[in-house]
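Shown next, in structure tokens, is the structure this report addresses.
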Amino acid sequence: EHDILALLSEGRSNRDIAQALFLSEKTVKAHLAAIFRKMGVTNRTQAAMMAVQLGVGPTPGALINE
């Protein structure tokens, strides 16, 4: 679930996450449902924002080239 959340916070699609972790999209969806439930969120945007706040995934502003 941690790996899925990290990839989600990078903005990856379910298909991209599944391919990166050698899982089926159905498995990714099941894990995302569990993640949303545990985090108390209702969608992937909320989960991604909370993940970044918790230090999972990219650091805010890290993708900006200076």
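Could you put Thr42, Thr27 in order of accessible surface area, largest first, with the 1.4 Å probe and the full protein assembly present?
Values: Thr42 115, Thr27 50 Å².
Correct descending sequence by accessible area is Thr42, Thr27.
222 nm [θ] for the chain, helices only, -39500 (n - 2.57) per DSSP H run of 4+, per residue, to 500?
Details: 4 runs with 41 residues, N = 66.
That calculation yields -18500 deg cm²/dmol at 222 nm.
Expressed as an acute angle from 0 to 90° and rounded to the nearest 10, what is the orientation of the C-alpha long axis of helix 44-53 relative to the principal long axis of the chain?
Rounded to the nearest ten degrees, it is 50.
Contour minus end-to-end for Glu1 and Met49, with contour as 0.36 nm per residue of separation and end-to-end as the Cα-Cα distance?
Stretched fully, the Glu1-Met49 segment lengthens by 15.7 nm.
So what J values fall out for segment 4-12 if you push phi through Karplus, 6.51 cos²θ - 1.76 cosθ + 1.60 with θ = phi - 60°, rounded to Hz, Gly and Pro as x?
5, 5, 4, 5, 4, 5, 7, x, 6
The values are calculated or read from the model by the stated rules, or taken from the named source; none is laboratory data. Small disclaimer: the values here were computed from a predicted structure and weren't measured. Ligands, DNA and RNA are stripped out before the accessible areas are found, and what is left, the full protein with its side chains, is counted by its heavy atoms. Shrake-Rupley method; radii C 1.70, N 1.55, O 1.52, S 1.80 Å.
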